[in-house]
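The values are calculated or read from the model by the stated rules, or taken from the named source; none is laboratory data. Source: prediction; values computed, not measured. Methodologically, a virtual Cβ is constructed for each residue, glycine included, from the backbone with ideal geometry; neighbour enumeration extends over all protein chains shown.
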Number of protein chains: 2
Amino acid sequence: MILSALLTSVGINLGLCFIFFTLYSILRKQPCNLIVYAPRLVSERKREEGGQSNLERLLATTDWVRNAWETSEEEFLSTAGLNAFVFMRIFVFSFKIFTFGGIVGLLILLPINCMGSQLRDNSDFQNKSLDSFSISNVNNGSNRLWIHFCAAYVFTGVVCILLYYEYEYISSKRIACFYSSKHEPHHFSILVRGIPVPVGSNCTDIVEQFFQEYHPSTYHSHEVVRRSSKLQILITDAERLYKRLTHLKNKDNTPQRQRRDGCLGLFGHKVDMLDHYEKTLGDIADNVRIEQCSLAGKEVPAAFVTFKSRFGAAIALNIQESVNPTHWITEQAPEPQDVYWPFFSVTFIRRWISKLVAFVACNVLTMLFLIPVALVQGLTHLDQLETMFPALKNILRMAVVSQVITGYLPILILQMFLSVVPPIMIMLSSLQGYISWSQIQKSACTKVLWFTIWNIFFANVLSGSAFYRLTVFLEPKEFPRVLAEAVPAQASFFIAYVVTFGWTNIASELFQLIPLLYNYIKVIFYGDGDTDDFEAPSIPYHSEIPRILFFDLLGVTYFILAPLILPFLLVYFCLGYIIYRNQLLNVYVAKYHTGGEFWPTVHNYTIFSLILMHIIVIGIFGQKQLPLASALILPLPIFTLLFNEYCRKRFLPIFKSYPMECLIKKDREDQNDPNMSEFYDKLASAYNDPALMPIKYSGRCCNSPWLPLLNNSRV
Amino acid sequence: MILSALLTSVGINLGLCFIFFTLYSILRKQPCNLIVYAPRLVSERKREEGGQSNLERLLATTDWVRNAWETSEEEFLSTAGLNAFVFMRIFVFSFKIFTFGGIVGLLILLPINCMGSQLRDNSDFQNKSLDSFSISNVNNGSNRLWIHFCAAYVFTGVVCILLYYEYEYISSKRIACFYSSKHEPHHFSILVRGIPVPVGSNCTDIVEQFFQEYHPSTYHSHEVVRRSSKLQILITDAERLYKRLTHLKNKDNTPQRQRRDGCLGLFGHKVDMLDHYEKTLGDIADNVRIEQCSLAGKEVPAAFVTFKSRFGAAIALNIQESVNPTHWITEQAPEPQDVYWPFFSVTFIRRWISKLVAFVACNVLTMLFLIPVALVQGLTHLDQLETMFPALKNILRMAVVSQVITGYLPILILQMFLSVVPPIMIMLSSLQGYISWSQIQKSACTKVLWFTIWNIFFANVLSGSAFYRLTVFLEPKEFPRVLAEAVPAQASFFIAYVVTFGWTNIASELFQLIPLLYNYIKVIFYGDGDTDDFEAPSIPYHSEIPRILFFDLLGVTYFILAPLILPFLLVYFCLGYIIYRNQLLNVYVAKYHTGGEFWPTVHNYTIFSLILMHIIVIGIFGQKQLPLASALILPLPIFTLLFNEYCRKRFLPIFKSYPMECLIKKDREDQNDPNMSEFYDKLASAYNDPALMPIKYSGRCCNSPWLPLLNNSRV
């Protein structure tokens, strides 16, 4: 790629971003788009509508940027939660390291690279290849490479120091959040699995007996888990029917209520839908009654056990309970709304097999993803298309069309395939036996991360001969050499990737095209939506974090090789900071509060990026005939790994569970709290299965014919 | 090797064993050898001397075999402890698996191997090569190999089942031992490290304050660790001097008490040694006083904290104490007599560096051990020796001498080098920061295990071109093929190894040649030894377990390849069972009771042996042109690893710490025990540094001039 092409691309993408921002600034002010651009405020009923004249509504203003920027840290933390706060720290941290990297890279490394003459690129400035700005241009054996060597050391040092302070800062925030939290049921609860239930007795009695025996002073209550998936399906059906019923009743439009009862509503007798729905609802209620009677026998040998104090729960959690370690296995209970109930419905063996299947499937998908993509992409070759659609021959031979098809279609197909990966990973993670949504999302996040590294970084770097070169992973010695050859060659591709994919992604995150279109379609076809039982979305950390961290990886690995990438990354992180802050304040709602448990993943990933950078640099120095530098880099990955080991010891335990000091302090505060007895009452029912609880339709459900039945179904 | 040579070797070694046994049977009855053959009984004052006529003393009897055999399990357990019991279970377990393996191998696999004609060995039975009995002789592509295939599956299954039941049995014994134990201080104590001591305060107050604050109901007392290495050296000096002094006083032989005070006692004035020693002892006492004054300032930020109940100690042990996880790090306290005090004397950074150095040194030693051995062995080549010692030319050219030198000298040198490995590994482990002797020995045991696998198994298998073939470990794909070529070729070597090294080792263990000689020398030169402060030896698990397990590895890996090895192994394990049982009852004393913590190592090692066997078998089937069998073996290592994973979950936690159920049951028993207050008094001083305690010389020390000073030195 030449410099002028890059500048054109930058211009086009900046223009696109500008258009997106302007459109957003205008569209967000339209009341009908509130549900798209401020669903959080809508669901919290905080948005004051009106107050703006029609003219003001049509002007693009930047007040949203100011709002996002000016929100204080405390305010942001209390609104969006610690997880969102940690998410934003990724931008802050990346901005810090790449500001430093950018200064060193652009002021020191870039001039040195340009001064080299290895590539003999004598074209004028505009037509200069981007490779002239990379380390490939430095002459072999040149002593100037020692400056790159020093830069590797200094950059690694700075990143490690910043990582340390960031980890420390987030740990302190996590502890502070714990201290400032109200009584949270999950702090007082654990999940016990593998309860040994002898034949003839029931789980409830066994649990009661065990904890009364061994934790008499701290045990509070327990809730045995039941296999309720069938009931859950029935209730979902009932809910859907009930919605339709109320919709129909509200319309009160008799012709629309008539429908044929045969195939697809096209044949058979005409029936009144209201009567029909009510009858079906009655049937479901009967089924619920039957299901409910058989529920007592469907106990799963697992229970949520609650304690009178946080310390009591921690004791039961941390000490092996039974002589047989596969019995009475304890686990920290997730927040009640975060529990993944379907997980409890399957048997132990099925769960074990699912886990194995998920593991294998995830690895196979990650390793072999590119094969189907390459096959489908192969179909987009012009000659293939001409054979498949002979009629289009003339059109396909037009220069513009052929350029679009060969240039964009393969990338479009790759992106389409990539977009289905996060949901697949979520599905695989949910098979793996996690007991909460937060854990599923965290696990999916790690899976998507490795998927991205493999299928975007390595697949592009070892491109063309990817499958041939796969053997490099079986020959660890060859690894630095192969990477040193392949990585710098892809520098211009990844610079273009940052500018096109990175910037556009950020802009489209703000613009929310799909929800916007969906909202317009809904308004046009169904009339103005009812926002009463509308639910604001939560941010999909498992797809967003890997996407952002991938840019971190690019920055860290290319800092030495092609520092030209850094200013584009800095723009990305600046835009990202403002836009995600805006989105987290207005769009997304936190579905769970795990206290920033994503940070260790970010930390580990950054360490991985550093090590990858070191391996590449070792290869580069070998290739540039500077074997001494190559050898002297070796201590760097070792020190980095030792630093990581220290951080694991120093900070990771804080993210696993809360230390005794905090637990006891919080418990002592509670002793004087008059609300405790009220909280204990709530605690006893905090972990009831939602399938067994009465369903609330924003307080309007009392006239439902089947709900009284369900109200009794709490066992 | 041909069959007749093997039979000769068996005959010679059986003869050697018989001679050793006969000699042992006679020598053990001589009163002067009591200290060699029954030191345990001597130190426990259980041995009734006399009662045997002179004639009986000269007859070789087998009563020791009967005694060892007839001792019941309970009696053995109570005498020798659980660790010794677990050690004996290695023999029982090995005997079980190789009995099964032997039946399958000799009755099914061996005839099949003999029926093959791959090696075209048409010599008569006596001159048949041992290779004709191995899998190498089965014809390529023969369907008979499917019987070997089935044998691999069945044998793995049987070994896994036996492993499971053995693990279960030992776990239950461990729990039973815990229930039957008296009040043990280490059950009530933890070691706390990383105590944050602010400037101006002292560690004792900080510990007291912290545990009073967070464990008010269970905290009992604590003992801060002090840097006492200098004091320890002084006390050792004093002890040595005191021994000499009493020796001199007892002799009361004035001429012997005179000695010159100059170099080596040969020059200078004549002095009375009694006066001289007393003066030196006085000087040391002064030094002790000075050292003792400065000891208060030498607090290490570590303390042994004792609790009123086992459960209390477990709570403090298992829950992270402080917000900063590098502070207040807790660890299970070892038994008081098991604490490795020198460990506390070094600073954190020095310990950390030592750990790294030990790790690197251990790996380097293991990997490169063969180089110096090969170099030294190279010197034993006849031509080299002739150049070095020209005078011996004629002697060296004699057939017998040259055979002995070329045949035995290299092996002797290897064995000499090998015999220094366990002490080196103990030294490296003690550098690694373990707080007890038991942990050091356990860690050294693992190190010696890997060392043995690498330097005896792999070095012999990949012999000759070992260093060239090392690259195989960098190409995992080639691994099965290389092993399949190399391992069967060494079958006859390893059969000879079992017969010569295995059997002789066992016999010499019984005969205790070196202690016997040492005892004779002592008796001859110093007169009859004083057995009063004599200490019985403890069994060096770190060198014995790897030696025995190596034969397990040989049996498992060669079961399919060359089943002829199994009967020799069975003889080894039978002999070993009787002999080690005898030794553990009469010779060795248990220095610590860690409750059979060696078993997980044995279990893991057996799993490793199985996996190695599978890899070799995969290679063999590939080589024998049966790729389907090769592929169908693949699930076997996977299932074995899954089985291992299950065992880790099911049993390993029991070996890490005692479950709450047991702790609370034992604590409740104590509540009604009238001896508890007495025990609590002892508990407070259980973890005093021995350097700070008054020294006892079997109750005869009161007249020592320096001891009153030391008595006051307990701070």
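Identify, please: which residue in the range A:159-216 is closer than 30 Å to A:PHE98 by Cβ and β-branched (Val, Ile, Thr) and is, among those, farthest from the other protein chains (Cβ to nearest Cβ)?
Ranking the qualifying residues of the range A:159-216, first place goes to A:VAL159.
When residues of the range A:193-234 are filtered for being among the aliphatic types (A, V, I, L, M) and assigned to a loop (DSSP other than H, G, I, E, B), how many remain?
The number of residues fulfilling the criteria is 3.
Can you tell me which residue is modelled with the lowest pLDDT among those in the range B:677-702 that are among the hydrophobic types (A, V, I, L, M, F, W, C), under 19 Å from B:ILE190 (Cα atoms) and part of a helix (DSSP H, G or I)?
Residue satisfying both the conditions and the ranking: B:ALA684.
Among the candidates B:SER438, B:SER430, B:SER402, single out the residue that is modelled with pLDDT of 90 or more, assigned to a helix (DSSP H, G or I) and farther than 20 Å from B:PHE493 by Cα.
Going through B:SER438, B:SER430, B:SER402 in turn, the sole match is B:SER438.
Restricting to the range B:618-663, name every residue that is under 26 Å from B:TYR169 (Cβ atoms) and more than 14 Å from chain A (Cβ to nearest Cβ).
B:LEU636, B:PRO637, B:THR640, B:ASN644
Assess whether A:ASN113 counts as being farther than 23 Å from A:TYR580 by Cα and either assigned to a helix (DSSP H, G or I) or touching a residue at least 60 places away in the same chain (Cβ under 8 Å) (or both).
In short, yes.
Among the residues of the range A:306-331, write down those that are over 30 Å from B:TYR169 (Cα atoms) and within 14 Å of chain B (Cβ to nearest Cβ).
If the condition is that a residue be over 30 Å from B:TYR169 (Cα atoms) and within 14 Å of chain B (Cβ to nearest Cβ), then A:PHE307, A:SER309, A:ARG310, A:PHE311, A:GLY312, A:ALA313, A:ALA314 are the ones that fit.
Restricting attention to helices (runs of 4 or more DSSP H) lying wholly within the range B:509-596, give those where 1 or more residues are of a type in the set (Phe, Trp, Tyr), free of Cβ contacts under 8 Å to residues at least 40 places away in the same chain and more than 30 Å from B:SER136 (Cβ to Cβ).
B:513-526
Scan the range B:652-692 for residues that are small (Gly, Ala, Ser) and within 20 Å of B:PRO334 (Cβ to Cβ) and jot them down.
If the condition is that a residue be small (Gly, Ala, Ser) and within 20 Å of B:PRO334 (Cβ to Cβ), then B:SER657, B:ALA684, B:SER685, B:ALA686, B:ALA691 are the ones that fit.
Answer yes or no: is there a residue in the range A:636-647 that is in contact (Cβ under 8 Å) with a residue 12 or more places away in the chain, closer than 19 Å to A:LEU483 by Cα and part of a helix (DSSP H, G or I).
The answer is yes; a qualifying residue exists.
Just to be sure before I move on: is B:ASN672 more than 14 Å from chain A (Cβ to nearest Cβ), out of contact with any strand residue (DSSP E or B) (no Cβ under 7 Å at 6 or more places or on another chain) and touching a residue at least 40 places away in the same chain (Cβ under 8 Å) in the structure I sent?
Answer is no for this residue.
Checking the structure you have, find out if any residue of the range B:47-56 is surrounded by 12 or more Cβ atoms within 10 Å (Cβ to Cβ), touching a residue at least 12 places away in the same chain (Cβ under 8 Å), under 23 Å from B:SER538 (Cα atoms) and in the same structural domain as B:VAL523 (by TED's automatic domain parsing).
Scanning the range B:47-56, I find at least one residue that is surrounded by 12 or more Cβ atoms within 10 Å (Cβ to Cβ), touching a residue at least 12 places away in the same chain (Cβ under 8 Å), under 23 Å from B:SER538 (Cα atoms) and in the same structural domain as B:VAL523 (by TED's automatic domain parsing), so the answer is yes.
So B:SER142 ticks every box in (1) in a helix (DSSP H, G or I); (2) touching a Lys or Arg at 6+ places or on another chain (Cβ under 8 Å) but one. Which box is left unticked?
(1)
For the range B:609-621, state whether one or more residues are under 22 Å from the mean Cα position of the chain (by Cα) and of a type outside the set (A, V, I, L, M).
Taking every residue of the range B:609-621 in turn, at least one turns out to be under 22 Å from the mean Cα position of the chain (by Cα) and of a type outside the set (A, V, I, L, M).
Could you tell me whether the range A:160-171 includes any residue that is in contact with a Gly (Cβ under 7 Å, 6 or more places away or on another chain) and closer than 30 Å to A:GLN337 by Cα?
Yes - at least one qualifying residue is present in the range A:160-171.
Within the range B:71-82, can one find any residue that is of a type in the set (S, T, N, Q), free of Cβ contacts under 8 Å to residues at least 12 places away in the same chain and farther than 25 Å from B:LEU569 by Cβ?
yes
Hey, among the residues in the range B:463-479 that are under 23 Å from B:MET425 (Cβ atoms) and either within 14 Å of chain A (Cβ to nearest Cβ) or touching a Phe, Trp or Tyr at 6+ places or on another chain (Cβ under 9 Å) (or both), which one's modelled with the highest pLDDT?
B:PHE473
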